[in-house]
């Protein structure tokens, strides 16, 4: 097979795109599992939306997710308390 420079560039762009997509899905699924403010049914609904409409589902999740959940606030407070003890 004879590869031109254009073929190599497009292959690198395509590989980068797929790696970014994979990272995006892993991060959203990890965030869903980590959250304790969502019920199991809500997590299942988010996963179903992300599987059925991948990019739209992830975009909606990122927009709809609260910036700071109660779990994040507790973790930040614990970190602050730990830093004060040192």
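Quick notes on this structure:
- Compactness of the chain as Cα Rg over 2.2 N^0.38 Å, two decimals: 1.60
- Approximate spin-label separation residue 29-residue 47, in nm, with each point projected 7 Å along Cα-to-Cβ: 0.9 nm
- Per residue, the chain reaches -27500 deg cm²/dmol at 222 nm when only DSSP H runs of four or more residues are counted, each adding -39500 (n - 2.57).
- Order of 13, 47 - criterion: other Cβ atoms within 10 Å of each residue's Cβ, fewest first: 13, 47
No lab work stands behind these numbers, since they all come straight from the coordinates. In this text the structure is predicted, and so the values were computed from the model without any measurement. Positions of Cβ are backbone-derived with ideal geometry, glycine not excepted, and every protein chain shown enters the neighbour counts.
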